[in-house]
Amino acid sequence: MITSSLHVAGGMYEEEPIKKPKPRPLMEPPVTETVLETQKSPPKSLPPKIVVLGSTGKVGRRVIRQLMALEMDMTIVAFVRNYDRACDILYDELIIERTSKGPKLQLVVMDLVPPLYVARFKPESEKEDDEDDDNDEEEFSVSASRFYKNDIKEYDFRASKQDDALDLDPYLPLKDAISNATAVISTVGTIRTTLPFIDYLLKPWRIFLSPGKWCQDPRHPYYVNYMVHKIVLQYAEEAQRERNKEVRLWNNNQKRKASKESQKNGDESKQKKNDKIRVVRISDHCVANPAYGLVNVVTNIFRSLVFRYQEKCEKLLSSSTLVDTIILRPGDLVDDIRNETVTTMSISTDGKLPGPVHVGRDDVASLATLAAISDLEPAMNKKQAYSVNGTSVVKTKPVQSRRSKLRRKGDVEPKHWKIAVGWSGQERTGFENAEKCMQFIVKDQAKLEKSKRRKQALRNASILSRGIIQPIQRIMRKIEGGNVKPYGLFVLLPMLLFVYPVIISMLHSILLRIPIMTKAMAWSITAFEPVRSAAIDYVQPTVGRLIKLPGKQEVAQKMLIN
């Protein structure tokens, strides 16, 4: 029974008219558009969020301090292995209160080389525990199947446990941090002393094999310098694809609305700019040197081919088609503070500086910080370069041109820069600070990209280039892209020339002191004497025919016999 409520109207009690409910449809209409296509607000631009790898290192801690000194509203995610050590090193950044507009620091405790990714790694304690658990579960499944008279597979849960263990991703915190990050600064590095007998001498072919198949040491440069950045680049590209998809759907929706409303230029300003994720990697200046250089050969022999995996990491980052990468190649790092009145910073945009190169860790950290937060497009005038707490940030003025429109739509190609950093005593060739270095890098790279586009346009216009030169260049890029410099060859040659002969002579001298071995060697000499004499009889006439000089046959025979 439906009743109505009463209300006062003009001093009289009147009944409120009864509202009959509308009949609901039996089923909901099908959804034909995605959420992104129907959203009314544009995708929000992400606030600055910078992920720092190797935050407790000598360079990483300086990067954290310089980022925290900026008066910008951003989030800094620092990945550390040891929480107590990180608190001791980053005490000032963690304890000092910051304003609401200042940076916020987050610590993530994680091992960038988890044990599951190391070759043949499984602790003995886990093996024993797994064996005991497997025996108990096997007894339970057998007894349950006999009692209920069912198949034993219905009560065997070992396979499901193995699947659950495989589903656990140890890199999940790193993936979550990169998913909404604007830049990643990697300062990770390793120093692993070569184990000669295990790495090279017992099995020399391991020089040309991937250490991921045989090396059980997580400090190996393959894991730290190459594998970690491969995973970082993978997660960064996944996040960039999602952002590209979101921006593309929004722009298409704006175009559709503009065409319906017959507005030619009204909605053009609503196009969303697609900012790319930026990966800043601090590498080494020796990667630019040839593989046969004395410094490279000695370092690779005693430091587990560290430059090979530094170069592989650089090539991997430079091959990305989705994210921007900036590779800094500092010289020998020192803790000294640069005297700005005498020494300047030297920069090379081709990735190589002449002579011995030294640079301070503070300057490298400041340049890496600016590379992560600055705009990579050149400023149109001097007023667009402003300073934030002593740090210059480069901004660009929107230009109404075809290239700027493509850039705003996200169709511009990613940038891959290799910058060599060092100290110089000459004022004309250097810069006073990292801010001026970054401004020079942005302008110089813009000029290089412009000249490359012009050369490419001229090549495309030529029939000879399109038919012959360009296919050859594509083949050479594919051949060179998968390979690095022959570091392993120049490590193996010194061992073949010096190490192995010394080991053989030592073994020979030791065996001669054993009576049984001397008798065995004498017996082997007598046993192979017929073979030796037959070989000499076959070689002597051949050598005599080749020499064909009077009096030289006897000399050749004596040399062969001896």
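The values are calculated or read from the model by the stated rules, or taken from the named source; none is laboratory data. Just so it is clear, the structure is predicted and the values come from calculations on it, not from any experiment. Methodologically, a virtual Cβ is constructed for each residue, glycine included, from the backbone with ideal geometry; neighbour enumeration extends over all protein chains shown. Accessible surface is based on the protein model in full, side chains and every heavy atom, while ligands, DNA and RNA are left aside. Shrake-Rupley method; radii C 1.70, N 1.55, O 1.52, S 1.80 Å.
What spacing in nm lies between the two simple spin-label points modelled at Ala69 and Leu458, each 7 Å away from Cα in the Cβ direction?
Once both label points are built, they end up 4.5 nm from each other.
Put Arg61, Arg278 in order of accessible area, largest first, 1.4 Å probe: what do you get? Spell out each step's value before the answer.
On the way: Arg61 60, Arg278 30 Å².
Sorted by accessible area, descending: Arg61, Arg278.
For Met110 paired with Arg513, estimate the spin-label separation in nm (one decimal), with each label point 7 Å from Cα along the Cα-to-Cβ line.
Each label point is offset 7 Å from its Cα along the Cβ direction, giving 5.6 nm.
With respect to the cross-link table entries Lys203/Lys519; Lys49/Lys443; Lys415/Lys452; Lys49/Lys245, which display a Cα-Cα separation exceeding 22 Å?
Check vs 22 Å cut-off fails for Lys203/Lys519; Lys49/Lys443.
How much length would be gained if the chain were fully extended between Asp88 and Ile191, taking 0.36 nm per residue of separation minus their Cα-Cα distance, in nm to one decimal?
34.8 nm
From largest accessible area down, sort Leu370, Leu107; use a 1.4 Å probe on the protein chains.
Of Leu370, Leu107, the descending order of accessible area is Leu107, Leu370.
How much of Lys276 can a 1.4 Å solvent probe reach, expressed as accessible area in Å² and rounded to 10?
40
For the range 291-364, count the residues as N, evaluate 2.2 N^0.38 Å, and divide the Cα radius of gyration by that value, please.
Details: Rg = 14.8 Å, N = 74, 2.2 N^0.38 = 11.3 Å.
Taking N as the residue count of the range 291-364, the ratio is 1.31.
In what order, largest first, do Trp205, Trp214, Trp423 sit by accessible area if the probe radius is 1.4 Å?
From most accessible down to least: Trp205, Trp423, Trp214.
If each residue of separation counts as 0.36 nm, what is the full-extension length gain between Leu448 and Ser318 once their alpha-carbon separation is subtracted?
45.2 nm
Considering only protein heavy atoms, what is the solvent-accessible area of Glu71 at a probe of 1.4 Å, reported in Å² to the nearest 10?
Solvent-accessible area, nearest 10 Å²: 140 Å².
Expressed in nm to one decimal, what extension gain is obtained for the pair Glu413 and Lys485 from 0.36 nm per residue of sequence separation less their Cα-Cα distance?
23.2 nm
What does a probe at Arg120 reach in the range 174-199, counting residues whose amide N is under 14 Å from the point 7 Å along Cα→Cβ?
Once the point is set 7 Å along Cα→Cβ of Arg120, 198-199 turn out to lie under 14 Å by backbone N, inside the range 174-199.
Please give the solvent-accessible surface of Thr518 in Å², to the nearest 10, using a probe radius of 1.4 Å with every protein chain present.
Solvent-accessible area, nearest 10 Å²: 50 Å².
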